[in-house]
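Visitor: Below is one structure. I have some questions about it.
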Amino acid sequence: MTENLFERAAAGQVRVDYSAIERTLAEMWLADGTNDQHTVTRAALWNVVAHTETHQHHSHASDILSKAAAAVPQRTIIVRADPKAADEMSSYISANCHLGGEGKRVCSEEIAIVAGGERVRRVPPLVNALLIPDMPVAFWWVGDLPHENAQYVQTLLEPADRLIVDSVHFNDPGDLELVKRVADDSGTAPADLNWIRLEEWRTAAASVFDPPEMRDKLRSLKRVRITANVADESYFGERIESLFFASWLMAMSEAEVDCTFDLRRAENRGLVRVELELEESKATIERDQEKCVLSTTIDGHALNLPDAVTRSKARNIDELIVRVLKQPNRDRLLPKILPVALDLARQKK
Amino acid sequence: MSVVTPTLEPNPLREGLEQERVPEASCLVIFGASGDLTHRKLLPALYSLAHDGLLPAGQTIVGFARPDYSDDAFRMDIKEACNKYARTRPVDESVWENFAKGLFYVQGTFTDPAAYNRLNAKLKECDNTRGTGGRRIYYLAVPPQFFPTISELLGAEGMVSDPERGGPYTRVIIEKPFGRDLPTAKELNRVAVTTFRERQVFRIDHYLGKETVQNLLVLRFANGIFEPFWNRQYIDHVQLTVAESIGVEKRGGYFDTAGITRDIVQNHMLQLLSLTAMEPPVAFDADAVRDEKVKVLRALREFPRGREEEMAVRGQYTEGSVLGELAPGYRQEESVKPDSKTETFAAVKVFIDNWRWADVPFYIRAGKRLPKRVTDISIQFRPAPYPLFKKLPGVQTQPNVLAIRIQPDEGIALKFDSKVPGPTVRTAPVTMEFRYATSFGAEPPEAYERLLLETMLGDSTLFARRDEVETAWAWLDPLLRAWESDSRPPKPYSAGTWGPQEADDMLERDGRKWRRP
């Protein structure tokens, strides 16, 4: 079995005894070296644990993280825990490989744990035992956040340095409250993919205030008008991207800002246009879907500034996760923005 | 009394962004815009910076050279170069469209005052239309003999403003060679400071823009484990290798007047040496870092007069084969004199006479037509103090080596002995490796990208200071003079080998040998 374990794991999942996962992984890597060719380089910079409940979410997470592992090598652990399912627990291993420099295959390992019923409670200690020591841990909660089973969630999150969520799936402000509580009360730093999606919009808005003559104008910000495409304007999660952007401007400008949101049901979700009204000038940021750029123009008397162009970034989940994992330090801003966003959400209900 | 330019408050919206620092828009003028460096390195690097969102909206680039181009023809030409050489190639049309709006060309010769007048008018026009606010960067991608004329004419035309008197900044970037010996370097520096202040002069050594070279400082000063061992008590010796597999290509004319010592050792290798050997700086800023580098250069032990051969070997390649291809001898290369005595290989034993490095040799070697292209620093540690295992039969322990690979395949490896599994005690060396490409995946920025950005941001940490350049020449000059007065030719070595036998002998006399990098 040892001889071809690596190739089997590279081709797909191999079922293993959950009490011997680490040992089987060692055998798997040994299997690569049996012909003394050392064709594979192992690497890991992160432990990434994805928590899912359904088979569909499980394969989604596996697909996303195997792509992410090509950019940020990681030990991936995917948990599918369904308390409503039958009492059972099983585990699988596989190898995520991609071609690195000099034609070498760079591989990292993926472990899947499937638990149902009462066995779910055994998952946190098992995950804990499988984490590579001295390496940061990111926990990706796939889907809506659980408001029940607090003890289970707390135990799972205990070793986590980051909690990755995607607030586009949140159905009410209570979910944002939960993320804020994690930020306030634990050593785990939240990372929201909805916030990461805004990076190029934030870059474009920042470029408005880069020229020396504009540098002190941020405090004169009076009005922000945000237009966004959404799939369903009545769903809370769809509004969060716009809320975050407005909250960020409010928090950073320290000004009284009047915010207007115009959410339209359309394809190509995300912000489309932002207008910033300042004391003596106006800045507009607009998405050019065709050219994949954001164009920024500044109008105002006595100003003659060229337009800025910011490249739109990919919004695929795997690339957003890679951007989270490539940030070596915890996000300092999101915890500042969350309370402002919650206030704004209540006002704009 | 000097007036200090008010510093701008940081842009609060930049906090937490990938691009936390974006420079103010300026006019970057490239003298020698029709040349190879501009096409292969400078403009592709600037385009990649724009692609990554690291340039401000109004950044303006003005090419200045003798050929007659229109702005549009220059843009076409540069677009082709970016498609060929930019790290972020192929060119992204939407980024290019905006980048090209800031690209202009002024035709003129370096000695024609009227051309500077036209250039100045163009720059002032850009101040009005592109928000460049009188900020200027002059990149002299020209042979050093043009430097005095260009700086004099820039001064005469009023194109240099003094930031210390409240004006917008003017910076000048100059390329190596910074002179060919101490007197010419001093003269170049004297000319520079008649028009510019030292703080305005950015002497570019592209090695300092490489990620791994910068990582050397992080490795040493951000980790607690290395610095305690980084001294004569634990380190036996250090080897630095800069090997090129290529010959002189089309640079035969220049190279034959310079040689590898002026071309590589005086700048790149002494930069690597000083970063490896320097004391921890008091801060990570331009003066603090460069102060410590200069101290290393000042502590280099002089060559013993008349006995230079004990400390240095020069070589010249003869025909052979490199990477499976036949290679001609140096004297058969294009534009090289058939009786040339120019060295294409140099190996030097260096001592740094200070408290930390007393009697620890640094062996440095650079050469052309060596077996492969590699730049590598290896720290060879002393053996364990008591040979506990050597008393056992069949055990041969080896000293630890920390190898820092600058290029290619950048990374760091630590070699140590481990027990071979089995009932008897046998040891074998094993290696722990870190590779940039494996851990961080994405291709790092080109050295020129980093250095151009640092110039725009006004940070000269990664540039050579006047005293660094002059101190390096002061140390090397006696060796170069001794070689020049020696009627014997350099030691021959076949292309595709690691240099002449004498270089191996130099280490063998010390009971050591070159590490194969």
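The values are calculated or read from the model by the stated rules, or taken from the named source; none is laboratory data. Keep in mind that what you see is a predicted model, and the values were worked out from it rather than measured. Please note: Cβ atoms are built from the backbone with ideal geometry, for glycine as well, and neighbour counts cover all protein chains shown.
Visitor: Write out, first by first residue and then by second, each pair whose Cβ atoms fall under 7 Å of each other, whose residues are 6+ apart or on separate chains, and whose first residue, in segment A:75-102, is within 14 Å of another protein chain (Cβ to nearest Cβ) and in a loop (DSSP other than H, G, I, E, B) while the second is at pLDDT below 90 and surrounded by fewer than 22 Cβ atoms within 10 Å (Cβ to Cβ).
Guide: Listed by first residue and then by second, the contacts come to A:100/A:41; A:100/B:437; A:100/B:438.
Visitor: Sticking with this structure for a sec: Cβ-Cβ under 7 Å, sequence separation 6+ or interchain: first residue in segment A:281-292 and within 12 Å of chain B (Cβ to nearest Cβ), partner surrounded by fewer than 14 Cβ atoms within 10 Å (Cβ to Cβ). Which pairs?
Guide: A:289/A:268
Visitor: Take the conditions within 14 Å of another protein chain (Cβ to nearest Cβ) and not β-branched (Val, Ile, Thr) and apply them to residue A:211. Does it pass?
Guide: Answer is yes for this residue.
Visitor: Here is a further query. Taking segment B:88-119, which residues are surrounded by fewer than 17 Cβ atoms within 10 Å (Cβ to Cβ) and under 24 Å from residue B:167 (Cα atoms)?
Guide: Answer for segment B:88-119, where residues must be surrounded by fewer than 17 Cβ atoms within 10 Å (Cβ to Cβ) and under 24 Å from residue B:167 (Cα atoms): B:113, B:117, B:118.
Visitor: Could you tell me which of the residues A:274, A:230 is modelled with pLDDT of 95 or more, more than 12 Å from chain B (Cβ to nearest Cβ) and under 24 Å from the mean Cα position of the chain (by Cα)?
Guide: Going through A:274, A:230 in turn, the sole match is A:274.
Visitor: For residues in segment A:233-260 being surrounded by fewer than 20 Cβ atoms within 10 Å (Cβ to Cβ) and of a type in the set (S, T, N, Q), which is nearest to the other protein chains (Cβ to nearest Cβ)?
Guide: It comes out as A:260.
Visitor: Does segment A:109-123 contain at least one residue that is modelled with pLDDT under 90 and not assigned by TED's automatic domain parsing to the domain that holds residue A:72?
Guide: no
Visitor: Out of A:308, A:266, A:341, report the one residue that is within 11 Å of chain B (Cβ to nearest Cβ), touching a residue at least 24 places away in the same chain (Cβ under 8 Å) and among the hydrophobic types (A, V, I, L, M, F, W, C). Let's see the steps before the verdict.
Guide: Numbers: A:266 fails: within 11 Å of chain B (Cβ to nearest Cβ); A:341 fails: within 11 Å of chain B (Cβ to nearest Cβ).
Among A:308, A:266, A:341, only A:308 is within 11 Å of chain B (Cβ to nearest Cβ), touching a residue at least 24 places away in the same chain (Cβ under 8 Å) and among the hydrophobic types (A, V, I, L, M, F, W, C).
Visitor: Hey, can you tell me all the residues within segment B:21-55 that are closer than 21 Å to residue B:160 by Cβ, facing another protein chain (nearest Cβ under 10 Å) and of a type in the set (A, V, I, L, M)?
Guide: B:25
Visitor: Another question about this same structure. Can you tell me which residue in segment B:57-87 is surrounded by the most Cβ atoms within 10 Å (Cβ to Cβ), limited to those that are of a type in the set (S, T, N, Q) and more than 14 Å from chain A (Cβ to nearest Cβ)?
Guide: Only one residue fits best here, namely B:83.
Yes or no, residue by residue, for (1) assigned to a loop (DSSP other than H, G, I, E, B); (2) touching an Asp or Glu at 6+ places or on another chain (Cβ under 9 Å); (3) more than 16 Å from residue B:253 (Cβ to Cβ):
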{"residue": "B:321", "(1), (2), (3)": "no, no, yes"}
{"residue": "B:331", "(1), (2), (3)": "no, yes, no"}
{"residue": "B:336", "(1), (2), (3)": "yes, yes, no"}
{"residue": "B:343", "(1), (2), (3)": "yes, no, yes"}
{"residue": "B:348", "(1), (2), (3)": "no, no, yes"}
{"residue": "B:358", "(1), (2), (3)": "yes, no, yes"}
{"residue": "B:362", "(1), (2), (3)": "no, no, yes"}
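Visitor: Further, regarding this structure: Residue check: is residue B:434 within 14 Å of another protein chain (Cβ to nearest Cβ), touching a strand residue (DSSP E or B) at 6+ places or on another chain (Cβ under 6 Å) and aromatic (Phe, Trp, Tyr)?
Guide: Here the answer is yes, as residue B:434 does meet what is asked.
Visitor: Another question, if that's okay. Among (1) buried (at least 19 other Cβ atoms within 10 Å of the Cβ); (2) more than 28 Å from residue A:61 (Cβ to Cβ), which single condition is residue A:300 missing?
Guide: Evaluating residue A:300 over (1) buried (at least 19 other Cβ atoms within 10 Å of the Cβ); (2) more than 28 Å from residue A:61 (Cβ to Cβ) leaves (1) as the failure.
Visitor: Additional query: In segment A:40-72, what residues are assigned to a helix (DSSP H, G or I) and either within 11 Å of another protein chain (Cβ to nearest Cβ) or touching a Lys or Arg at 6+ places or on another chain (Cβ under 8 Å) (or both)? It would help to see each step written out before you state the result.
Guide: Restricting attention to segment A:40-72, the residues satisfying the condition of being assigned to a helix (DSSP H, G or I) are A:55-71.
Across segment A:40-72, the qualifying residues are A:55, A:57, A:58, A:68, A:69, A:70, A:71.
Visitor: I'd like to check something: does segment A:11-22 contain any residue that is surrounded by fewer than 17 Cβ atoms within 10 Å (Cβ to Cβ) and at pLDDT 90 or above?
Guide: No: zero hits.
Visitor: Just to verify a result, which residue in segment A:170-205, among those that are surrounded by 19 or more Cβ atoms within 10 Å (Cβ to Cβ) and acidic (Asp, Glu), is farthest from the other protein chains (Cβ to nearest Cβ)?
Guide: Restricting to residues being surrounded by 19 or more Cβ atoms within 10 Å (Cβ to Cβ) and acidic (Asp, Glu), the top hit is A:175.
Visitor: Report whether or not residue B:253 is surrounded by 15 or more Cβ atoms within 10 Å (Cβ to Cβ), in the same structural domain as residue B:365 (by TED's automatic domain parsing) and touching a residue at least 24 places away in the same chain (Cβ under 8 Å).
Guide: No: the conditions fail for residue B:253.
Visitor: Further question on the same structure: Of everything in segment B:34-58, what is of a type in the set (Gly, Ala, Ser) and either at pLDDT below 95 or touching a strand residue (DSSP E or B) at 6+ places or on another chain (Cβ under 9 Å) (or both)? Give them in sequence order.
Guide: Answer for segment B:34-58, where residues must be of a type in the set (Gly, Ala, Ser) and either at pLDDT below 95 or touching a strand residue (DSSP E or B) at 6+ places or on another chain (Cβ under 9 Å) (or both): B:34, B:35, B:50, B:53, B:57, B:58.
Visitor: I would also like to ask the following. With in contact (Cβ under 8 Å) with a residue 24 or more places away in the chain, over 21 Å from residue A:154 (Cα atoms) and not β-branched (Val, Ile, Thr) as the only criterion, which of A:121, A:105 stands out?
Guide: Within the list A:121, A:105, the selection yields A:105.
Visitor: Only residues that are within 14 Å of another protein chain (Cβ to nearest Cβ) and of a type in the set (Ser, Thr, Tyr): list them for segment B:437-461, please.
Guide: B:438, B:439
Visitor: Which of the residues spanning segment B:184-218 are assigned to a helix (DSSP H, G or I), among the aliphatic types (A, V, I, L, M) and surrounded by 18 or more Cβ atoms within 10 Å (Cβ to Cβ)?
Guide: B:185, B:188, B:192, B:208, B:213, B:216
Visitor: Within segment B:482-517, can you find the residues that are without any contact (Cβ under 8 Å) to a residue 24 or more places away in the chain and within 26 Å of the chain's Cα centre (by Cα)?
Guide: B:484, B:516
Visitor: Please determine, by comparing only the residues of segment B:1-33 that are at pLDDT below 90 and touching a Gly at 6+ places or on another chain (Cβ under 7 Å), which one is surrounded by the fewest Cβ atoms within 10 Å (Cβ to Cβ).
Guide: Among them, the one singled out is B:3.
Visitor: Can you spot a residue in segment A:63-71 that is at pLDDT 80 or above, among the acidic types (Asp, Glu) and surrounded by fewer than 19 Cβ atoms within 10 Å (Cβ to Cβ)?
Guide: For segment A:63-71, residues at pLDDT 80 or above, among the acidic types (Asp, Glu) and surrounded by fewer than 19 Cβ atoms within 10 Å (Cβ to Cβ): present.
Visitor: Additional query: So which residues in segment B:403-431 are within 14 Å of chain A (Cβ to nearest Cβ) and farther than 24 Å from residue B:515 by Cα, if there are any at all?
Guide: B:421
Visitor: Another question about this same structure. Do any residues in segment A:212-233 that are free of Cβ contacts under 8 Å to residues at least 24 places away in the same chain have Cβ atoms under 6 Å from those of residues that are surrounded by fewer than 15 Cβ atoms within 10 Å (Cβ to Cβ), where the two are at least six apart or on different chains, and which pairs are they?
Guide: Close Cβ pairs (under 6 Å, with a partner that is surrounded by fewer than 15 Cβ atoms within 10 Å (Cβ to Cβ)) amount to A:212/B:8; A:215/B:8.
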